[in-house]
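What follows is a set of notes on a single structure, which appears directly below.
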Amino acid sequence: MISSDYIDVSVTLPLNQTFVYKIPGELRADACPGMRVLVPFGRRRVTGYILGEQESCGPYKAKKVISLLDDHPLFPETDIRFFRWVAEYYIHPLGETIKTALPTGLERQDVSCVFVTEEGQKALAKGTLPPEEAELVNRLNNHRDQKNGCTLKSIVKSGTATAALVRRMEKNNRIAVSAVLKKERAGVKLEKFISPAKELPNKQIRMSKKRLQILSMVREAGEISLTGLKAHVPTAPKLIQPLEEAGYLTVVQRRVFRDPLGDPVEPDTPPQLTDEQAALVARVQENGDKGFIPYLLTGVTGSGKTEVYMRLVADAVAKGRGAIVLVPEIALISQTERRFRARFGEKIAVIHSMLTNGERLDQWRRISLEKVNIVIGARSAVFAPIKDIGVIIVDEEHDTSYKQESGLRYNARDLAVVRGKMHDCPVILGSATPSVQSYQNVCAKRFSQLELKKRVNNNPLPEITLVDMKKYKETWGTDRIITPELGREIRACLEKGNQALIFLNRRGFATFPACQSCGKTLHCSHCDVTMTYHKGGDFYKCHLCGHTLEGSARCPECKTGKLKNFGFGTEKIEAMLKTLFPDARLARMDQDSTAKKGSALRLLKQIRNRTVDIIVGTQMLAKGHDFPSITLVGVICADLSLSLPDFRASERTFQLLAQVAGRAGRGREPGRVIMQTYNPDHFTIEASRRQDYMEFFNHEAPFRKALMYPPFTRMIQLKISGKDEHKTAAHAQNIAEVLSRLIPQDHEVQILGPIEAAIQKISGRFRWQILIKSLSAGCINKMVSAMAADPGISRVKSVSIGIDVDPYFLM
């Protein structure tokens with residue numbers, strides 16, 4: 001409840017300040033911090049978030065809040081401090097930070113929409129409009145939403161009309177541009193519930209068989225939802241209205257929650273912990289009174305980390321507190337959710353991007369209303385509105401999926417540690433292949449280490465064999481990609497009735513199309529990359545911007561030559577395996593085969609139920625999945641990511657190879673891994689073969705320290721892009737000059753660049769980058785904030801600057 005006349009509001013605009021508004025007396029009793037409000041801002045109305053009370057509005061006259069948009073806070077007041085920290089650290093506007101944290105589709109604001117005037121319609125009918133004006137009027141007349149019009153932004157962006165044409169037509173009264181309040185894309189779901197009337201009917205009506213059936217079902221159930229009634233009587237919505245009017249039934253409408261959870265799960269019985277697991281759980285519980293302690297839980301793949309997580313969550317719940325469990329992949333959420341539901345029943349909520357806007361809003365409201373206290377989800381679940389958090393768990397903490405690459409470029413793993421500190425609770429970061437940053441935190445005594453050295457049931461680690469691909473460089477046909485060694489092992493695996501996982505972190509059928517006449521490669525016309533051929537759909541696709549060409553397309557350079565498809569991806573590997581093993585049941589799991597909602601879960605269910613023999617997959621299958629029948633893992637090309645121009649290339653390669661190897665031999669049968677490589681002597685490949693993380697870390701860390709790369713320094717990357725090549729290059733140079741002037745004398749700061757990005761153009765925008773490095777995170781944060789506020793930089797609107805604090809990808 002707000003007691004003051006004034007409130008502090010953060011609006012959903014790119015502004016680095018909050019604003020004071022006056023709250024009318026009739027709204028004050030219902031208003032609370034964490035609620036949304038509709039407020040006037042300039043000439044428009046926008047969504048704002050109540051952050052707290054203000055004693056006065058200072059020397060200015062405060063505008064009045066138009067309306068409250070919530071009946072309950074969307075986030076607890078204690079999270080406001082967390083949001084402020086996130087906005088400051090990642091140099092991002094506070095209002096947009098909160099908007100990112102909340103479910104999508106909750107924003108309301110005025111949008112400029114275009115309407116055809118009566119005069120414009122007359123001119124069109126008479127045929128007196130110029131062609132470009134007639135085209136715009138016809139588009140507006142054919143727009144599906146005549147009442148709200150077509151947005152000005154969509155008209156200009158689509159190329160239907162220029163801003164100058166719109167201004168001219170508005171001046172001539174052919175069109176009108178008006179502000180329209182955009183509604184939320186997500187809302188609560190209401191459901192009708194039917195029950196028998198308490199009093200006698202007020203009039204008699206004719207009773208058909210279906211009306212009698214409905215009355216019988218309602219009396220038997222006592223109360224039934226309209227959805228449940230429709231399952232038995234499809235025409236129930238029409239039939240209940242006269243029954244309600246006659247006084248036979250009572251119909252009420254209530255808010256219901258959409259259920260995104262999967263099939264029902266049988267309750268499980270907690271297994272007996274191994275000695276290692278029991279010792280770790282006891283250690284964390286004993287330190288419970290000490291509050292915030294960040295732990296790094298390391299251990300071999302299959303060592304039972306998930307069971308440790310569940311015991312720690314159970315301990316937090318028993319104390320009346322909540323828990324957040326982060327997992328990197330949406331596909332992995334299903335497995336984790338099933339295991340937690342089997343243990344905790346319906347006390348859990350899930351949050352991830354594959355939910356509809358409505359489903360995600362319902363899950364969020366269940367958490368904020370304290371109907372559940374365990375949250376499982378991908379990176380966005382780190383913002384879940386749990387008031388009292390007892391433990392935060394980040395599974396596969398090394399995974400790059402925790403890093404958001406657009407908008408608010410946050411790292412959910414790092415925010416988990418910050419939020420745990422604010423809630424004074426333990427944070428568990430778990431991984432068989434921890435990030436160099438997290439292990440360095442252990443070495444520096446900032447994190448405590450927990451370790452599981454043995455697999456559950458003492459199952460042995462898989463035996464890994466390296467195959468030197470250089471032996472087959474003169475070979476043609478299938479053997480050059482699926483070597484005889486791998487082919488023999490797949491055959492032996494299938495003969496034993498087991499499953500094989502074939503891994504290649506590259507999707508599509510052919511990744512290097514080239515013209516047979518002029519020899520030019522098929523590049524995307526909008527990006528600086530080659531296109532990939534997808535045989536299933538018979539088209540070429542750019543995996544960066546989504547641009548496609550038909551499979552029958554001719555060479556864009558010479559206009560006549562036919563395209564020949566070189567290279568290979570998961571789709572081609574699948575085709576090869578079908579030829580080599582025609583009797584085997586195959587499935588492919590990559591971004592293409594799992595694009596539709598629910599398709600990833602169906603594939604995982606097939607693997608779990610053993611209705612497939614060979615699974616071809618990308619990194620989606622490399623993380624955390626537990627399939628006891630997979631006894632063979634084949635890595636088609638272990639070197640793919642080693643040569644990328646990124647200082648973390650070796651780290652990512654080691655983690656990926658060690659993780660995918662860990663999918664083998666998790667059941668009773670011992671596992672085998674065939675790793676095909678062109679660099680068998682590379683330290684990363686050799687450490688992966690030995691499954692020795694310390695060997696990799698002791699080799700990698702000195703290299704990072706010598707070159708002053710994270711975790712031994714702090715870094716901010718500026719991603720500069722624009723449609724004009726020369727303006728973008730010039731602006732990048734100006735930014736670097738401004739930064740150079742801002743270097744403080746008492747800190748050592750390195751500015752690398754500006755330089756063209758490794759991929760120089762994406763979606764028609766030319767890309768440059770600058771790296772700023774220093775031992776002090778606060779120093780470079782202040783430098784970049786001051787640069788962004790410099791009038792000479794901020795007034796250039798044609799070139800955008802993306803600020804990436806602690807960047808993960810330097811491409």
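The values are calculated or read from the model by the stated rules, or taken from the named source; none is laboratory data. Quick caveat, the model's predicted, so the values are computed rather than measured. Here Cβ is always computed from backbone atoms with ideal geometry, including for glycine, and neighbour counts include all displayed protein chains. Accessible surface is based on the protein model in full, side chains and every heavy atom, while ligands, DNA and RNA are left aside. Shrake-Rupley method; radii C 1.70, N 1.55, O 1.52, S 1.80 Å.
Descriptive notes on the structure:
- Residues of the stretch 359-383 classified as in contact with a His (Cβ under 7 Å, 6 or more places away or on another chain) and of a type in the set (D, E, K, R), total: 0
- Scanning the stretch 605-656 for residues that are closer than 24 Å to Met694 by Cβ and of a type in the set (Lys, Arg) yields a total of 3.
- Thr433 satisfies every condition listed in (1) crowded, with 23+ Cβ neighbours inside 10 Å; (2) touching a strand residue (DSSP E or B) at 6+ places or on another chain (Cβ under 8 Å); (3) part of a loop (DSSP other than H, G, I, E, B) except (2).
- Residue match in the stretch 709-723 (condition: in contact with a strand residue (DSSP E or B) (Cβ under 9 Å, 6 or more places away or on another chain), open to solvent by less than 20 Å² (accessible area, probe 1.4 Å) and part of a helix (DSSP H, G or I)): no
- Residues satisfying the stated conditions in the stretch 749-764, i.e. in contact with a Cys (Cβ under 9 Å, 6 or more places away or on another chain) and without any contact (Cβ under 8 Å) to a residue 60 or more places away in the chain: Val749
- Taking (1) at pLDDT below 95; (2) buried (at least 20 other Cβ atoms within 10 Å of the Cβ) in turn, Val805 satisfies each apart from (1).
- Inter-residue pairs, beta-carbon under 6 Å, first in a helix (DSSP H, G or I) and in the stretch 413-430, second surrounded by fewer than 22 Cβ atoms within 10 Å (Cβ to Cβ), 6+ apart: Val417/Pro294; Arg419/Phe82; Gly420/Phe292; Lys421/Phe292; Met422/Phe82
- Hits in the stretch 647-677 - residues which are in a loop (DSSP other than H, G, I, E, B) and modelled with pLDDT under 90: Gly662, Arg663, Ala664, Gly665, Arg666, Gly667, Arg668, Glu669, Pro670
- Selection status of Leu355, within 25 Å of Val436 (Cα to Cα) and crowded, with 20+ Cβ neighbours inside 10 Å: no
- Against the numbered list (1) buried (at least 19 other Cβ atoms within 10 Å of the Cβ); (2) small (Gly, Ala, Ser); (3) not in a strand (DSSP E or B), Gly519 comes up short only at (1).
- The set of residues in the stretch 436-455 being open to solvent by 50 Å² or more (accessible area, probe 1.4 Å) and on the phi < 0 side of the Ramachandran plot consists of Gln437, Cys443, Arg446, Gln449, Glu451, Lys453, Lys454.
- Residue list for the stretch 678-690, restricted to those being touching a Leu at 6+ places or on another chain (Cβ under 6 Å) and either among the hydrophobic types (A, V, I, L, M, F, W, C) or outside any helix (DSSP H, G or I) (or both): Pro680
- For the stretch 638-662, taking the residues that are more than 20 Å from Thr483 (Cβ to Cβ) and among the charged types (D, E, K, R), the one that is nearest to the chain's Cα centre (by Cα) is identified as Arg652.
- Residue within the stretch 450-459 that is modelled with pLDDT under 95, under 30 Å from Pro93 (Cα atoms) and part of a loop (DSSP other than H, G, I, E, B) present: no
- Restricting Gly497, Gly508 to those that are farther than 19 Å from Ile636 by Cα and in a loop (DSSP other than H, G, I, E, B) reduces the list to Gly497.
- Helices (runs of 4 or more DSSP H) within the stretch 54-151 that include 2 or more residues open to solvent by less than 30 Å² (accessible area, probe 1.4 Å) and out of contact with any Gly (no Cβ under 9 Å at 6 or more places or on another chain): 79-89, 94-101, 118-126
- Counting only residues that are open to solvent by less than 50 Å² (accessible area, probe 1.4 Å) and either β-branched (Val, Ile, Thr) or under 38 Å from the mean Cα position of the chain (by Cα) (or both), the stretch 464-484 holds 11 of them.
- Any hit, the stretch 590-607, residues being farther than 25 Å from Leu355 by Cβ, in contact (Cβ under 8 Å) with a residue 60 or more places away in the chain and not charged (D, E, K, R): no
- Of the residues making up the stretch 274-303, those that are in contact (Cβ under 8 Å) with a residue 12 or more places away in the chain, assigned to a helix (DSSP H, G or I) and open to solvent by 40 Å² or more (accessible area, probe 1.4 Å) are Glu276, Arg283, Gln285.
- Filtering the stretch 387-430 to residues that are modelled with pLDDT under 95, at positive phi and either among the aliphatic types (A, V, I, L, M) or surrounded by fewer than 24 Cβ atoms within 10 Å (Cβ to Cβ) (or both) leaves only Gly407.
- Tallying residues that are open to solvent by less than 60 Å² (accessible area, probe 1.4 Å) and outside any strand (DSSP E or B) within the stretch 744-766 yields 2.
- Test for Gly508: is it at positive phi, open to solvent by 40 Å² or more (accessible area, probe 1.4 Å) and not aromatic (Phe, Trp, Tyr): no
- Residue in the stretch 190-197 that is over 44 Å from the mean Cα position of the chain (by Cα), surrounded by 10 or more Cβ atoms within 10 Å (Cβ to Cβ) and closer than 19 Å to Glu245 by Cβ present: yes
- Residues located in the stretch 308-335, provided they are in a helix (DSSP H, G or I) and touching a residue at least 60 places away in the same chain (Cβ under 8 Å): Val308, Tyr309, Leu312, Val313, Asp315, Ala316, Val317, Ile330, Ala331, Leu332, Ser334, Gln335
- Only one of the numbered conditions (1) within 42 Å of the chain's Cα centre (by Cα); (2) surrounded by 12 or more Cβ atoms within 10 Å (Cβ to Cβ) is violated by Arg211, and that is (1).
- Within the stretch 1-31, considering residues that are surrounded by fewer than 16 Cβ atoms within 10 Å (Cβ to Cβ) and closer than 19 Å to Phe82 by Cβ, the one nearest to the chain's Cα centre (by Cα): Asn16
- The stretch 206-244 - residue that is among the hydroxyl-bearing types (Ser, Thr, Tyr) and not in a helix (DSSP H, G or I) and, of those, farthest from Arg254 (Cα to Cα): Ser208
- If you go through the stretch 338-352 and pick out every residue that is within 17 Å of the chain's Cα centre (by Cα) and either at positive phi or open to solvent by 20 Å² or more (accessible area, probe 1.4 Å) (or both), you end up with 1.
- Sub-6 Å Cβ pairs linking a first residue in the stretch 205-228 that is at pLDDT below 85 to a second residue that is assigned to a helix (DSSP H, G or I), at least 6 apart or interchain, are Ile205/Pro242, ordered by first then second residue.
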